[in-house]
Amino acid sequence: MPANTEKVTSIDGSDLLAALEAAAQSVDHHAGAINALNVFPVPDGDTGTNMALTLRSASDGARSAGGSSLADVSAAMARGALMGARGNSGVILAQLLRGVARALDGKPSADARTLAAAFRVGADAAYTAVAKPVEGTILTVARAAAEAAEAAAAEGQDVAAMLARSHSAARDAVAATPEQLPLLKRAGVVDSGGEGYRVFLEGLLRHFTGEAPSPQPIEIDVHADLSSLHDENDTYGYCTEVLFQGASIDVERVRNALDAVGTSLLVVGDATLLKVHIHTLQPGRVLDVAVEHGEIVQVKVDNIQLQRQRFAADTPPEPPRMELEPGTGMVAVACGAGFRDIFQSLGATVVDAPGTMNPSIEQIVEAIKRTRREHVVVLSNDPNVVLASEAAARLIDDRTVAVVPTRNMPQGIAAALALNPEAELDDNILSLTRAAAACHAIALTHAVRDATVDEVAIGSGQALAFLDGRAVAAGDGFSDLISRAIGSLPSGSYEIATIYVGSKGVEMEAATFADCLSQHLSVTVEIATGGQPHYEYIISVE
Amino acid sequence: MASIAIVTDSTADFAGIEPADLGITVVPLTVHWGRDVLRDRVDLSTSEFYDRLRTDPNLPKTAAPPVGIFEEVFRECVSRYDAVIAVHIAATLSSTWSVAANAASTVAPERIYVVDSTSTSVGLGWLVQHAVDLASGDVEASTIVAALEEMIPRIRLYLTLESLEYLQRGGRIGRAQAFVGALLSVKPVLQVAEGAVIPIERVRTRAGSIRRVAELGTGAGPMERLAVVHGDCEAEAVAVRDELTRRLPEVPINVTEVGAVIATYTGPGIVGVGCVLAS
């Protein structure tokens, strides 16, 4: 459209309708980018979509008014907006438009001065619509825009020039929102509602001038620290963020493809511009998915472990007292990479015990300190580690620490699952102890020499089975030992057995044990990687 | 004596009673798939919802009722009644309460009370029923509101899910985020209280998690009412109801299915046990 150089001294209802339709289209076009500014999940997370739908409803309403009286069209616009208002941002926008309509009541047309005054009434109406108005949102932007409009109109500017000044002020106000809302600043974005309103004003302006100051929405800064959104227990893998664009990205296919790749998946945006955030062990797969669906705009990959280790390394020996969250956290002693990963995935701080399962008191103390909760439970997972755990607990003075003397890692896992992160220590000790006691573990290994253990005679090289730490059977094959160990289980009903495969075990062999277990115990059987060095297989039965 | 209209939203579940028989107005939230906008329980039945949830490649989203709808409802109510009490899903879980409050302040702020249930589903339903019971007697609106606020802390609601993914994708996971990412198969046990989804513990098996939910839902003290809620798993819910009826024959207990809006956030397979503790 060629630039319109004629002055627009006044507008009527049909002008409003045309401008409104253009503005609604503009917001609709940019909805994806506005959505992508949402950095925290809120009840109405899709600000862009919500505002676009609200404006669509507003323009549908305005169209139904018929005639060219500004008062009639604006009243119909407001009614449409209210009936179609979506989400908090939609509701505020609808209230704003109702304020504008109220100010234009009885007027068949309006000049710049009258329009500016109407925008002011609209901005005020938006404020009163919110129970707790917050600066750094659409409210601030609308007010700044209205003030600039009034100033321009007072200088005798026409409607188009007034809108240009208004839009310019809105743009500045949007850029300032991160200074007003710390969460925006941390995330490196501007307020989505404010930006949506700016896009709306730009749409109106563009209608009257035939050209826009800039067709691009404000750049989304992908180097955003989204860690404030996730639980600190999400401690492994790479924090990977990718912003990519396309002609028509299949958002659900992207989401489905990434669901399997990691955790803490956030997908914001739409078919033309999409931002994904995920914690994964395979950042390359995320890039592959992005490239498959569109064109990568920005990438950020951070090693979560290294970040945490760097932080831990940088921490001085006597760390300044940092905020401790209420509730209970846990430390788990783990032997084997698989068990370590499992405990970490359950939210525990892990003490890596190498083959001998004897971590130092200092290692346990350090792990307790890294667990930033007011109460900490230590799962020793081996009888030989209990004393060291209790000694470590006594060395901590800034919070309460208790040891739950789990005998083995499966008991530790059962206890970890039973942990209520928000409950106090005493309640947790009770439930964790109960959960651990209900978990039995069969450990399978080969004897390295002749011996008699727990009244079981064992020959060097023989297969050997322990149940809850007691030798129960020796023989030639694991399968036979499993049946005998099952026979020694206390009577009761069991529901699930998990076979943890050690570094010397083989997953295919573990699969052959599944039948034996499910036949004897009617349990579901699962296989997991334990990585433990000394026992080929550890089988938990619960 | 004052006549009082009771209003709520479609996330309320009424165990053992038809909402139509209560003489209340239920304002529907909406569920949208792409551009299809469907009013909860009006345009969409739950069986249709679960069918579509399983076959439609896009995930649905939800939206609170538009402010204009609430204004219409409230205007209609104040024209026929002296006062209105609107009770809604927790304000921290949905913007419905704030939209209703907004509408109330526009229409008739002195005659419309908007109560945040801090709960939803049967928790919300019990509050609405209590309001209806009191409104039929000679009770002032402000007294009813006080009675509702007294009842809120006596409501308990525990639930387990097949998976946390729906809560996470829908942005309602909150503190339950602590339970995401387990490398073993586990089922979460959660509580809905004070408008939040609270992580309680994790259980290896589905059967175990349902047992825990039943234990927690009935373990807080003497109860006035009990309900089992579910999403597309009626058989499991009925089994829980039967077991609880055996254990607690003196407490009235009903089974009810959650609506599409709640199911959008929980996914199919939610089983919950809720109760109202005796005062």
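Here's the picture: charge each Lys and Arg Cβ at +1 and each Asp and Glu Cβ at -1 in the stretch A:434-524, and of A:ALA465, A:VAL506, A:ALA438 the one pushed furthest to the positive end of that dipole is A:ALA438. Summarised in one figure, the compactness ratio Rg/Rh of chain B, Cα atoms and Kirkwood Rh, is 0.96. Extension gain for A:VAL453-A:THR9 works out to 149.8 nm (0.36 nm per residue, less the C-alpha to C-alpha distance). Using the charge dipole of the stretch A:10-209 (Lys, Arg: +1 at Cβ; Asp, Glu: -1 at Cβ; taken about the Cα centre), state which of A:PRO133, A:PHE119, A:LEU96 has its Cα farthest towards the positive end. Most positive-ward Cα: A:PRO133.
I'd like the antiparallel share, as a percent to the nearest 5, of DSSP beta bridges with both residues in the protein assembly as shown. The partial results should precede the final answer.
Details: 78 of 118 bridges.
If we restrict to bridges inside the protein assembly as shown, about 65 percent are antiparallel.
I need the calculated FRET efficiency for the pair B:THR143 and A:LEU395, taking r as the beta carbon distance and R₀ as 51 Å, to the nearest 0.05. Mind showing how you got there, number by number?
Working: r = 57 Å, r/R0 = 1.12.
Efficiency for this residue pair is about 0.35.
The C-alpha radius of gyration of chain A, expressed as a fraction of 2.2 N^0.38 Å, stands at 1.34. Each of A:GLU21, B:GLU234 has some number of other Cβ atoms within 10 Å of its Cβ, and from fewest to most they run B:GLU234, A:GLU21. Taking label positions 7 Å along the Cα-Cβ direction at both A:THR512 and B:ARG247, the computed distance is 4.3 nm, reported to one decimal. Computed from the alpha carbon positions, the gyration tensor of the stretch A:440-541 leads to an equivalent ellipsoid with semi-axes of 21, 16, 11 Å, biggest first.
With contributions of -39500 (n - 2.57) from each DSSP H run of at least four residues, the per-residue ellipticity at 222 nm computed over chain B stands at -11000 deg cm²/dmol.
Across all Cα pairs in the stretch A:10-209, the calculated P(r) in 5 Å bins from zero up to the longest distance comes to 1, 9, 16, 23, 23, 15, 8, 3, 1, 0 percent per bin.
Considering only B:ILE69, B:PHE14, B:TRP33, the residue lying farthest towards the positive end of the dipole of the stretch B:4-152 is B:TRP33, judged by Cα position with unit charges set on Cβ.
With +1 on each Lys and Arg Cβ and -1 on each Asp and Glu Cβ, and nothing else charged, work out how big the dipole of the protein assembly as shown is about its Cα centre, in Debye to the nearest 20. Please report the intermediate quantities before stating the final value.
On the way: 63 positive and 102 negative charges, 70 e Å.
It comes to approximately 340 debye.
For B:ALA193, the residues whose amide H sits under 5 Å from its own are B:ILE198, ignoring neighbours fewer than 5 places away on the same chain, with H placed 1.01 Å from N. The ranking of A:ASP191, B:ASP82, A:ASP28 from fewest to most other beta carbons within 10 Å of each one's beta carbon is B:ASP82, A:ASP28, A:ASP191. Each label was represented as a point 7 Å from its Cα along the Cα-to-Cβ direction; for B:GLU48 and A:ASN256 these points are 2.3 nm apart. For a label point 7 Å from the Cα of B:SER279 along Cα→C-beta, name the residues of the stretch B:144-173 whose backbone N is under 11 Å from it. Only B:144-152, B:154 fall inside the zone, counting backbone N under 11 Å.
Calculated FRET efficiency, B:GLU165 and B:ALA20, Cβ-Cβ r, R0 51 Å, to nearest 0.05? Let's see the in-between values first.
On the way: r = 34 Å, r/R0 = 0.68.
Result of the calculation: an efficiency of 0.90.
Normalised by residue number, the volume inside the convex hull of the Cα atoms of the stretch B:63-130 is 79 Å³ per residue. From largest to smallest, the equivalent ellipsoid semi-axes obtained for the stretch B:61-175 from the alpha-carbon gyration tensor read 27, 19, 10 Å. Under a Gaussian network description of chain B, with springs only between Cα atoms under 10 Å, the residue in B:ALA237, B:ALA220, B:ALA91 that fluctuates furthest is B:ALA220.
Computed over the Cα atoms of the stretch B:154-277, what is the convex hull's projected area averaged over all directions, in nm²?
Directional mean of the projected Cα hull area for the stretch B:154-277 stands at 6.9 nm².
Over chain A, dividing the summed -39,500 (n - 2.57) contributions of all DSSP H runs of at least 4 residues by the number of residues returns a 222 nm mean residue ellipticity of -15500 deg cm²/dmol. Taking 7 Å steps out from each Cα toward its Cβ at A:GLN282 and B:ASN58 produces label points 2.8 nm apart.
Would you mind ranking B:SER117, B:SER279 by Cβ crowding within 10 Å, fewest neighbours first?
Values: B:SER117 28, B:SER279 9.
The order, fewest Cβ neighbours first, is B:SER279, B:SER117.
Taking 12 Å as the cut-off, the amide N atoms of the stretch B:158-195 that come nearer than this to a point 7 Å along the Cα-to-beta-carbon line of A:GLU325 belong to B:174-180. Gain on full extension, evaluated as 0.36 nm per residue between B:ALA235 and B:VAL255 minus their Cα-Cα distance, stands at 6.2 nm. For the protein assembly as shown, the tally of Lys pairs with Cα-Cα distances below 21 Å comes to 6, considering only residues 8 or more apart or on different chains. Once C-alpha pairs closer than 8 Å and six or more residues apart are averaged by separation and normalised to the residue number of the stretch B:78-209, the relative contact order reads 22 percent. Taken about its Cα centre, the stretch A:315-437 carries a charge dipole of about 260 debye when Lys and Arg each add +1 at the Cβ and Asp and Glu each add -1 at the Cβ.
Rounded to the nearest 5, the antiparallel percentage of DSSP beta bridges internal to the stretch B:153-262 is 65%.
Remark: the A:GLU292-A:LYS185 segment gains 35.4 nm on full extension, using 0.36 nm per residue and subtracting the alpha carbon distance.
Quick note: the coordinates plus some simple rules give every number you see, no bench work behind them. As the structure is a prediction and not an experimental result, all values here were calculated from the model. No Cβ is skipped: glycine too gets one built from the backbone with ideal geometry, and neighbour counts run over all protein chains shown.
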